[in-house]
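First the structure, in the form of C-alpha coordinates, and then the observations on it.
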Amino acid sequence: HEGEDIHGRLMRAYKPVPIWWYAGVFAALIGISMAFLYVENTQLPWWGLIISILLNIVLLIPIGLMKATCNITVNTGVLAALIGGFIWPGNMMNNVVFKVFTLVCTYQGLGYIQSMKMGYYMKIVRLIAVSHFTSPPSRLC
(Lines give C-alpha, C1' and ligand atoms only; values in the text may rest on other atoms or scores of the structure.)
Protein backbone atom coordinates (compact mmCIF):
# COMPACT_ATOMS: atom_id res chain seq x y z
CA HIS A 1 0.00 0.00 0.00
CA GLU A 2 2.96 2.31 -0.41
CA GLY A 3 1.58 4.08 -3.50
CA GLU A 4 -1.88 4.66 -2.03
CA ASP A 5 -2.66 8.06 -0.55
CA ILE A 6 -3.89 8.57 2.97
CA HIS A 7 -7.46 9.27 1.80
CA GLY A 8 -7.65 5.96 -0.04
CA ARG A 9 -6.41 4.05 2.98
CA LEU A 10 -8.91 5.71 5.30
CA MET A 11 -11.83 5.21 2.88
CA ARG A 12 -11.15 1.46 2.63
CA ALA A 13 -12.73 1.14 6.08
CA TYR A 14 -16.17 1.85 4.57
CA LYS A 15 -18.25 -0.44 2.38
CA PRO A 16 -18.46 0.60 -1.29
CA VAL A 17 -21.77 1.60 -2.82
CA PRO A 18 -23.41 -1.36 -4.58
CA ILE A 19 -23.44 -0.99 -8.36
CA TRP A 20 -27.17 -1.73 -8.46
CA TRP A 21 -27.81 1.59 -6.67
CA TYR A 22 -26.26 3.45 -9.56
CA ALA A 23 -28.02 1.24 -12.10
CA GLY A 24 -31.36 1.75 -10.38
CA VAL A 25 -31.03 5.54 -10.31
CA PHE A 26 -29.86 5.53 -13.94
CA ALA A 27 -32.80 3.38 -15.07
CA ALA A 28 -35.30 5.47 -13.10
CA LEU A 29 -34.00 8.72 -14.58
CA ILE A 30 -34.07 7.34 -18.11
CA GLY A 31 -37.67 6.24 -17.54
CA ILE A 32 -38.67 9.66 -16.17
CA SER A 33 -36.93 11.38 -19.08
CA MET A 34 -38.64 9.14 -21.63
CA ALA A 35 -42.00 9.83 -19.99
CA PHE A 36 -41.27 13.57 -20.15
CA LEU A 37 -40.49 13.34 -23.87
CA TYR A 38 -43.88 11.89 -24.69
CA VAL A 39 -46.12 13.46 -22.02
CA GLU A 40 -44.96 16.98 -22.87
CA ASN A 41 -44.94 16.28 -26.63
CA THR A 42 -41.40 17.55 -27.12
CA GLN A 43 -41.12 15.94 -30.58
CA LEU A 44 -37.72 14.51 -29.65
CA PRO A 45 -37.72 10.76 -30.41
CA TRP A 46 -36.60 8.31 -27.75
CA TRP A 47 -33.37 7.60 -29.60
CA GLY A 48 -32.50 11.31 -29.40
CA LEU A 49 -32.39 10.99 -25.62
CA ILE A 50 -30.17 7.90 -25.96
CA ILE A 51 -27.78 9.85 -28.21
CA SER A 52 -27.66 12.64 -25.63
CA ILE A 53 -26.85 10.17 -22.86
CA LEU A 54 -24.17 8.44 -24.96
CA LEU A 55 -22.62 11.82 -25.79
CA ASN A 56 -22.37 12.55 -22.08
CA ILE A 57 -20.95 9.13 -21.30
CA VAL A 58 -18.17 9.76 -23.82
CA LEU A 59 -17.46 13.37 -22.79
CA LEU A 60 -17.90 13.34 -19.01
CA ILE A 61 -14.44 11.92 -18.19
CA PRO A 62 -12.45 14.38 -20.36
CA ILE A 63 -14.60 17.33 -19.24
CA GLY A 64 -14.27 16.21 -15.62
CA LEU A 65 -10.49 15.95 -15.95
CA MET A 66 -10.32 19.47 -17.38
CA LYS A 67 -12.53 20.76 -14.58
CA ALA A 68 -10.42 19.03 -11.93
CA THR A 69 -7.01 20.08 -13.25
CA CYS A 70 -7.61 23.49 -14.85
CA ASN A 71 -10.94 24.60 -13.32
CA ILE A 72 -12.25 25.10 -16.85
CA THR A 73 -15.70 23.76 -17.65
CA VAL A 74 -16.18 22.85 -21.28
CA ASN A 75 -19.66 23.79 -22.47
CA THR A 76 -21.32 20.96 -24.37
CA GLY A 77 -24.11 23.24 -25.60
CA VAL A 78 -22.46 24.14 -28.89
CA LEU A 79 -21.60 20.52 -29.66
CA ALA A 80 -25.15 19.42 -28.77
CA ALA A 81 -26.63 22.14 -31.00
CA LEU A 82 -24.34 21.11 -33.86
CA ILE A 83 -25.20 17.42 -33.55
CA GLY A 84 -28.91 18.18 -33.13
CA GLY A 85 -28.81 20.44 -36.17
CA PHE A 86 -27.30 17.69 -38.31
CA ILE A 87 -29.75 15.05 -37.09
CA TRP A 88 -32.93 17.19 -37.18
CA PRO A 89 -32.36 20.02 -39.66
CA GLY A 90 -35.09 22.64 -39.49
CA ASN A 91 -36.73 21.17 -36.38
CA MET A 92 -35.94 23.71 -33.68
CA MET A 93 -37.89 21.96 -30.92
CA ASN A 94 -35.84 18.75 -31.25
CA ASN A 95 -32.61 20.73 -31.26
CA VAL A 96 -33.49 22.69 -28.12
CA VAL A 97 -34.70 19.66 -26.14
CA PHE A 98 -31.63 17.66 -27.21
CA LYS A 99 -29.36 20.54 -26.18
CA VAL A 100 -31.09 20.94 -22.81
CA PHE A 101 -30.84 17.22 -22.01
CA THR A 102 -27.16 17.23 -22.96
CA LEU A 103 -26.33 20.33 -20.92
CA VAL A 104 -28.27 19.19 -17.86
CA CYS A 105 -26.66 15.73 -17.97
CA THR A 106 -23.20 17.28 -18.20
CA TYR A 107 -23.66 19.70 -15.33
CA GLN A 108 -25.42 17.13 -13.11
CA GLY A 109 -22.59 14.66 -13.78
CA LEU A 110 -19.92 17.24 -12.96
CA GLY A 111 -21.80 18.23 -9.81
CA TYR A 112 -22.02 14.62 -8.72
CA ILE A 113 -18.31 14.06 -9.33
CA GLN A 114 -17.49 17.21 -7.38
CA SER A 115 -19.69 16.15 -4.46
CA MET A 116 -18.18 12.67 -4.37
CA LYS A 117 -14.67 14.13 -4.46
CA MET A 118 -15.46 16.42 -1.53
CA GLY A 119 -17.00 13.49 0.35
CA TYR A 120 -13.87 11.44 -0.34
CA TYR A 121 -11.57 14.09 1.13
CA MET A 122 -13.91 14.73 4.08
CA LYS A 123 -14.17 10.94 4.77
CA ILE A 124 -17.96 10.92 4.40
CA VAL A 125 -19.28 7.39 4.04
CA ARG A 126 -20.05 6.80 0.35
CA LEU A 127 -23.37 5.10 1.06
CA ILE A 128 -24.57 8.21 2.88
CA ALA A 129 -23.21 10.56 0.23
CA VAL A 130 -24.94 8.70 -2.61
CA SER A 131 -28.23 8.38 -0.76
CA HIS A 132 -28.26 12.08 0.09
CA PHE A 133 -27.33 13.09 -3.44
CA THR A 134 -30.24 11.13 -4.88
CA SER A 135 -32.77 12.18 -2.21
CA PRO A 136 -35.34 14.92 -2.71
CA PRO A 137 -34.26 18.24 -1.16
CA SER A 138 -37.03 18.06 1.46
CA ARG A 139 -35.48 14.90 2.97
CA LEU A 140 -32.04 16.45 3.31
CA CYS A 141 -33.05 18.88 6.06
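The values are calculated or read from the model by the stated rules, or taken from the named source; none is laboratory data. Keep in mind that this is a model prediction, so the values were computed, not measured. So basically every Cβ, Gly included, is an ideal-geometry build from the backbone, and we count neighbours across all protein chains shown. Heavy atoms of the whole protein, side chains included, go into the accessibility calculation; ligands, DNA and RNA do not. Shrake-Rupley method; radii C 1.70, N 1.55, O 1.52, S 1.80 Å.
Residues in region 1-27 that are open to solvent by 50 Å² or more (accessible area, probe 1.4 Å), within 16 Å of the chain's Cα centre (by Cα) and over 19 Å from residue 117 (Cβ atoms): 19, 23, 26, 27.
For region 89-127, the set of residues classified as part of a loop (DSSP other than H, G, I, E, B), without any contact (Cβ under 8 Å) to a residue 24 or more places away in the chain and more than 29 Å from residue 70 (Cβ to Cβ) consists of 89, 90, listed by residue number.
Once region 101-118 is narrowed to residues that are open to solvent by less than 30 Å² (accessible area, probe 1.4 Å) and out of contact with any Gly (no Cβ under 7 Å at 6 or more places or on another chain), the residue that is nearest to residue 42 (Cα to Cα) is 102. Take the conditions without any contact (Cβ under 8 Å) to a residue 40 or more places away in the chain and touching a Cys at 6+ places or on another chain (Cβ under 9 Å) and apply them to residue 69. Does it pass? Against the criterion (without any contact (Cβ under 8 Å) to a residue 40 or more places away in the chain and touching a Cys at 6+ places or on another chain (Cβ under 9 Å)), residue 69 does not qualify.
Hey, does region 46-53 have a residue that's out of contact with any Phe, Trp or Tyr (no Cβ under 7 Å at 6 or more places or on another chain), open to solvent by less than 50 Å² (accessible area, probe 1.4 Å) and free of Cβ contacts under 8 Å to residues at least 40 places away in the same chain? Among the residues of region 46-53, not one is out of contact with any Phe, Trp or Tyr (no Cβ under 7 Å at 6 or more places or on another chain), open to solvent by less than 50 Å² (accessible area, probe 1.4 Å) and free of Cβ contacts under 8 Å to residues at least 40 places away in the same chain, which makes the answer no.
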